[in-house]
Amino acid sequence: MANSRGYDQPVFLQETLSVSQSSLYLHTILHYPFYMEGINLSTVEHPSRYLGGELNSVKKDLSKVKLKVALAFPDTYEVGMSHIGLQILYHLLNQREDIAAERVYAPWLDMEQQMRERELLLCSLESSIPLREFDIVGFSLQYELSYTNVVNMLDLAKIPFYARERDERYPLIIAGGICCFNPEPIADLFDAMVIGDGEEVILEICDCYLRWKKTKGKKKDLLDELSRIEGVYVPSAFQPLYNPDHTMKEIVALDGHPQQIKKRLIANLDQAPYITSPIVPFMRIIHDRINVEIARGCTRGCRFCLAGMVCRPGRERSLKTINDLVDQSLKATGYEEISLTSLSSGDYSNIEVLVKGLMERLNEERVALSLPSLRVETLTADLIEEIRKVRKTGFTIAPEAGTQRLRDVINKGITEEQIFSTIEAVFKGGWRGIKLYFMVGLPTETEEDRLGILELCRRIKGVAKKISPALGINVNISSFVPKPHTPFQWEVQLSLQDMRTITHFLSKELRRMGLNPKWQEPEMSLLEGVFARGDRKLSKVVIDAWKMGCRFDGWKEAFRFDLWQRAFEENGIDVHFYTSRHRSLKEVLPWSHIDPLVEREFLEKEREKAFTAVLTPDCRTGECGGCGACTDRAPGKMSNVIRRGGQMTKFGVCPELHASKRPSPLKEKRFRCRFFKLNEARLFSHLEMIMVFSRAIRREGIPIKYSEGFHPLPRIISGPALPVGMESICEGIDFVVSGDMSPSTFLKKMNRELPSGLKFLEAEEVPLKFSPVSDTIHNVNYLISLASSDSSSVRLLEQLKGAPELKGKGVGEGEKPLSALEIGVLDSTFLSVRMEEKMGLSKALQGFFHIDPNGLRGMRVLKTQFIKGN
């Protein structure tokens with residue numbers, strides 16, 4: 001018989017509840033709502049996408065606010081949660097007592113299918129209210145291939161697609177993001193669109209809506225008021241007129257509206273609102289880290305780059321502001337990585353001072369630092385040395401072109417000498433691999449330029465081989481897509497066949513060299529090109545393509561180019577008109593009424609320089625290039641905001657972490673903990689649950705020990721992974737810590753940081769070399785609910801009716817028995833299963849009742865105890 005801290009059955013049941021109370025408790029657990037709006041989330045991919053309730057999310061009493069705003073991202077949760085702009089607006093709006101902002105993301109294909117089968121409306125993540133019940137729905141448009149998802153989300157919300165079909169009964173549908181600098185392909189879908197920075201204008205839009213709401217006016221009255229806000233584009237106030245050859249004749253402003261929509265600009269980033277408590281997701285997202293924007297705008301002047309042109313002028317945050325943001329965000333999240341973001345992080349004026357100051361703390365706390373947008377000419381030996389002190393998070397270099405001539409054409413401004421000196425320093429600094437980015441189809445590109453990509457990669461591999469044969473090189477190839485408001489907005493895009501031929505040739509040759517090529521599908525690049533420079537004729541194409549089944553067009557597994565071809569054909573649209581046609585400099589372009597503050601004359605001059613391979617210097621350090629972003633038309637006659645000079649202040653260091661760094665060795669302890677995983681937490685994968693524990697440890701400053709090596713990890717030794725959707729009241733896990741912390745203190749600290757459904761029940765110190773939990777388990781007990789309407793549960797119940805005496809039976813597979821298995825029925829409500837842990841429940845049910853293993857995900861299963869082996 002096990003002692004009071006043994007594993008025969010959960011201590012909290014054994015020592016706290018009577019037998020009758022235990023039965024009642026189990027009934028309560030198993031009758032907790034298992035479905036979300038009629039959908040068993042255990043049966044969809046990545047169910048934690050749809051949970052909500054994350055750390056630092058905000059859920060208000062909607063009956064006490066005057067305005068409800070839904071912030072919509074037309075892609076999956078993990079993509080949308082990686083977008084820093086949406087989180088800024090979310091927290092900014094929720095700081096107002098009279099406004100509630102909630103989030104909504106595009107449901108993945110499996111979730112959409114279940115929603116449509118059950119006729120469920122698309123709802124917000126926080127309060128689960130239908131999208132159509134919000135006052136304002138704001139979409140973030142970051143990628144042209146997300147447009148069908150916008151349509152799909154509107155349809156799932158039962159909101160009409162076209163703005164002209166929506167009256168005062170429907171939410172105001174607005175959009176913002178980089179794609180709004182050419183709003184025309186989807187302009188018919190939106191009531192208003194924000195051009196430029198959104199932090200100030202979003203509050204002005206909300207206040208305008210509240211004033212209109214009081215008057216109970218018509219929708220047109222609201223749109224007229226919105227059109228008077230700088231940076232707000234109301235598509236219905238403009239009418240495009242076409243020439244007989246389908247080119248744009250003019251874009252007419254109606255009813256006295258201004259002809260040009262000037263972008264909105266935040267002049268001082270230090271005074272701009274920013275997040276210090278970002279939402280911490282349960283699942284791994286694309287950019288799963290603290291993102292601190294150190295600067296906005298770029299003045300390098302790459303001639304293909306939309307963001308580099310429309311986000312001018314360059315503006316930097318001060319060292320003090322960045323320091324404070326990092327410090328507060330670390331304490332509020334427990335993240336293990338910080339990213340210093342901007343269009344070109346290495347161009348930050350005090351980058352070496354900033355990185356060195358951050359590393360003084362991050363190195364102690366095992367927090368990695370990444371600078372995702374580094375140009376090779378900004379990487380000094382000192383900067384590389386600082387970054388290498390903590391876990392390396394990957395290194396990316398973007399030569400873009402294979403020859404110096406073509407790099408000069410696009411104004412990349414880097415030399416081969418800089419490329420190779422950086423690569424050598426990176427590999428010698430301890431990085432095991434790098435990513436290289438190239439584009440094909442750039443203006444003036446020749447066969448020699450394409451072969452230059454191969455030659456440059458061959459030489460880079462030679463450098464890597466001299467240092468270590470194990471170093472990896474990934475080569476990403478994308479097709480050039482001309483973007484609006486850039487010097488190349490008039491240029492021709494490669495034909496689909498040429499993109500396919502070039503991409504196939506380069507990838508084959510790179511593989512032959514032993515490198516790892518990746519590329520964007522040429523069909524996706526073609527579609528991106530159509531919408532990047534498209535007009536209003538494309539709105540109907542988007543809707544028709546969606547009706548045919550298109551959505552998630554940026555995902556290879558969902559992309560259906562054949563359906564897009566049908567949609568274009570049925571609408572009489574020739575895609576080559578948008579991609580492969582030479583445009584005159586005098587042509588009126590669909591985005592001509594959008595003013596990014598960069599003069600058209602400047603773009604024309606840059607185009608001329610490109611064809612003669614003449615470089616334009618960075619205006620931060622050289623002469624003004626005359627782009628127009630710093631003219632009187634900019635707010636406050638502003639110019640580039642550069643933060644030269646200054647010092648980093650010291651961070652506040654957590655006492656426990658500081659103590660763990662004392663020179664004298666501290667005692668290591670191993671805590672064995674028991675916890676339950678119930679209700680919503682059952683939908684966490686094993687890795688997601690470990691991540692939740694790890695970040696709780698960081699927030700509480702628990703002195704966890706780390707593994708050694710290239711990628712140090714906290715020493716957490718878990719028991720067997722519990723399948724997604726299964727619940728348990730008897731899970732075990734070990735933590736190795738240092739210092740004088742007691743098990744009870746550890747338990748208390750962890751429990752105040754864990755989400756609903758996860759709770760530690762007890763902790764005890766065990767020997768450091770104690771056997772892991774997984775080695776101590778022999779038998780396990782499960783309860784399976786027979787009350788569910790799930791098909792597998794119904795089938796199970798039917799079989800049980802014909803087999804009243806099950807206890808003691810075994811399970812066989814062919815001639816060889818699987819293992820001993822005991823099955824019984826408890827209170828006519830649960831199937832009780834006792835079995836060897838190594839057998840696996842799904843295998844047992846399949847062998848005994850012929851239940852498909854996938855069917856187990858739809859059943860309510862509770863693990864009630866595990867029994868210690870000999």
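The values are calculated or read from the model by the stated rules, or taken from the named source; none is laboratory data. These numbers come from a predicted model, not from an experiment. Glycine also receives a Cβ, built like all others from the backbone with ideal geometry; neighbour counts cover every protein chain displayed. When the accessible area is computed, the model is the full protein with side chains, heavy atoms only, and any ligands, DNA or RNA have been set aside. Shrake-Rupley method; radii C 1.70, N 1.55, O 1.52, S 1.80 Å.
Quick rundown of the values:
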item	result
Estimated inter-spin distance, residue 715 and residue 380, nm [label 7 Å along Cα→Cβ]	3.9
Highest-first arrangement of 608-619, 178-189, where packing means the average Cβ count within 10 Å	178-189, 608-619
Long-range HN-HN contacts of residue 713 with modeled amide H, under 5 Å	707
With Cα atoms, 0 to 90° folded angle of helix 791-801 axis to the chain main axis	10
Extended-chain gain in nm, criterion 0.36 nm per residue less alpha-carbon gap, residue 508 and residue 615	35.2 nm
Most to least packed among 42-55, 456-469 [average Cβ atoms within 10 Å]	42-55, 456-469
Cβ-derived FRET efficiency at R0 35 Å, residue 253 paired with residue 581, nearest 0.05	0.85
Listed residue (239, 826, 127) projecting farthest to the positive dipole end of the chain, Cβ model	826
Per-residue HN-Hα couplings for region 473-485 [Karplus 6.51, -1.76, 1.60; θ = phi - 60°; Hz; x = Gly/Pro]	10, 9, 10, 9, 10, 10, 8, 4, 10, x, 10, x, 6
Alpha-carbon centroid distance for the pair region 501-524 / region 75-154, whole angstrom	35
Degrees separating the helix 522-532 axis from the principal Cα axis of the chain, which is the longest one	60
Mean Cα-pair separation over length for region 663-725, i.e. relative contact order, pairs under 8 Å, 6 or more apart, %	38
Amide H contacts of residue 247 (H built 1.01 Å from N, under 5 Å, at least 5 apart or other chain)	none
Gyration tensor (alpha-carbon) shape descriptor, region 518-575, a/c threshold 1.5	oblate
Paramagnetic label zone (point 7 Å from Cα along Cα-to-C-beta, residue 458; backbone N under 19 Å) in region 471-508	473-476, 502-508
Cross-link pairs 262/537; 262/586; 320/759; 59/759 - those with Cα-Cα distance over 32 Å	320/759
Distant-in-sequence amide H partners of residue 479 (H built 1.01 Å from N, under 5 Å)	440, 520
At R0 = 30 Å, FRET efficiency that the Cβ-Cβ distance of residue 706 and residue 320 yields, to 0.05	0.50
Length-normalised contact order of region 354-449 in % [C-alpha pairs under 8 Å, at least 6 apart]	32
DSSP-loop GluC sites (Glu not before Pro) across region 87-126, with at most 12 other Cβ within 10 angstrom	97, 119
Label-point separation, residue 771 to residue 45 (7 Å along Cα→Cβ), nm	4.0
Value of [θ]222 nm, deg cm²/dmol, for the chain, DSSP H segments ≥ 4, -39500 (n - 2.57) each, nearest 500	-9500 deg cm²/dmol
Solvent-accessible area of residue 277 with every protein chain in place, 1.4 Å probe, in Å² to the nearest 10	40
Cβ crowding within 10 Å averaged over residues, with 148-157, 488-497 ranked highest first	148-157, 488-497
Efficiency of FRET between residue 424 and residue 360 - r from beta-carbon atoms, R0 25 angstrom, step 0.05	0.40
Share, in percent, of DSSP beta bridges within the chain that are antiparallel, nearest 5	55
Contact order relative to length of the chain, as percent, for alpha carbon pairs under 8 angstrom and 6 or more apart	12
Degrees, to the nearest 10: 147-156 long Cα axis against longest axis of the chain	50
Integer Hz, Karplus 6.51/-1.76/1.60 couplings in order for region 170-176, x for Gly and Pro	9, x, 6, 9, 10, 8, x
Answer label for P(r) over Cα pairs in 20 Å bins from 0, in percent (calculated), chosen among (i) 12, 36, 31, 18, 3, 0; (ii) 13, 41, 35, 11, 0; (iii) 12, 31, 28, 18, 9, 1, 0	(ii)
Net lengthening on full extension, residue 571/residue 239 (0.36 nm per residue, minus Cα-Cα)	117.5 nm
Label-point separation, residue 624 to residue 218 (7 Å along Cα→Cβ), nm	4.7
